[in-house]
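See structure below.
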């Protein structure tokens, strides 16, 4: 058949050599791809820098949205001052007081200047 025809064995040999050359080139390409992949995997991906929230946002985030709307937050040197924007009523006052106390804060009774305050910690002062 093809191998017994006049040009058959030469064509078959050329094809075999070409196939061997191709396989060698393919092996070299695979080796290079593996190296590139190993380099890419071994490089540590840069970690995103997580910036701390500003102190006012850190404290405000502890309050549910409905309460947060009723409060003003002000950063002082050692304290976060939380002032009601309007009369809170007993239920809202109780909820705010509970959260403030959980944060280590307190209520300061001073007539119209009454407010809650939360101490700034090392974590929140950054």
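Quick notes on this structure:
- Highest-first arrangement of 20-30, 69-79, where packing means the average Cβ count within 10 Å: 69-79, 20-30
- Here the residues 33, 88, ranked from fewest to most Cβ neighbours within 10 Å of their Cβ, fall in the order 33, 88.
- Global geometry of segment 78-119, whether rounded, prolate or oblate, following the gyration tensor of its Cα atoms and the 1.5 cut on a/c: oblate
Just so you know, all these numbers are worked out from the coordinates, no wet-lab data involved. None of the values given here were measured: they were computed from a predicted structure. Reconstructed Cβ throughout: ideal geometry from the backbone, glycine too, with neighbour counts over all protein chains shown.
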